[in-house]
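Here's the structure we're looking at; comments come further down.
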């Protein structure tokens, strides 16, 4: 692994994890896995002038007893004959953290993960946008507690959101 980049946040780990997921998708990286029990997100970047095969990155979240959390992001070159990563994993980690800071205000403070899923008041939303991979116009129907949560869920599925309406 390359040098890790870390940052402390005053928000709960679930809130920072949601903002990090949103940041990763926004930056065009591919989320490979999310382990909510271990507070871990694994993702890959594409090729760049610094790395021919991209980077395999991990974001680890540590919850503080007194509230708040820390995120540590590190990476390594994706399987490649390239010998040196030119500091790309640190640069990517810093870019993700900067984007998380931008998205944090849009994430609700009350973590939905602490609610019993049966007791949450879920609504259906019709989310319209463009599929990030195919670039086709599309829509999906998502169940979420808020319009903002529906947007995050759609973005995690690879949709660039242009409109959200309550589904009838």
Worksheet item: What is the extension gain from residue 42 to residue 146, computed as 0.36 nm multiplied by their sequence separation minus the C-alpha to C-alpha distance, in nm to one decimal?
Response: 34.8 nm
Fill in: Exposure proxy ranking, count of Cβ atoms within 10 Å, fewest first, for 139, 64
64, 139
Worksheet entry | Compactness of region 115-166 - radius of gyration and Dmax, Cα, Å | 11.4, 36
Item to complete: Please give the contour-minus-distance gain from residue 66 to residue 106: 0.36 nm per residue of separation, less the Cα-Cα distance, rounded to one decimal in nm.
Response: 12.1 nm
Item to complete: Report the label-to-label distance for residue 138 and residue 162 in nanometres (one decimal), using points 7 Å from each Cα along the Cα→Cβ vector.
Response: 1.5 nm
Discussion item. If I model a spin label at residue 35 and residue 98 as a point 7 Å from the Cα along the Cα→Cβ vector, what separation in nanometres do I get?
Written reply: 3.0 nm
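Every read-out reported here was derived from the displayed coordinates using simple, explicitly stated rules and does not represent laboratory data. Since the structure is predicted, the reported quantities are computational estimates derived from the model, not experimental observations. Note that we place each Cβ from the backbone using ideal geometry, even for glycine, and neighbour counts take in every protein chain shown.
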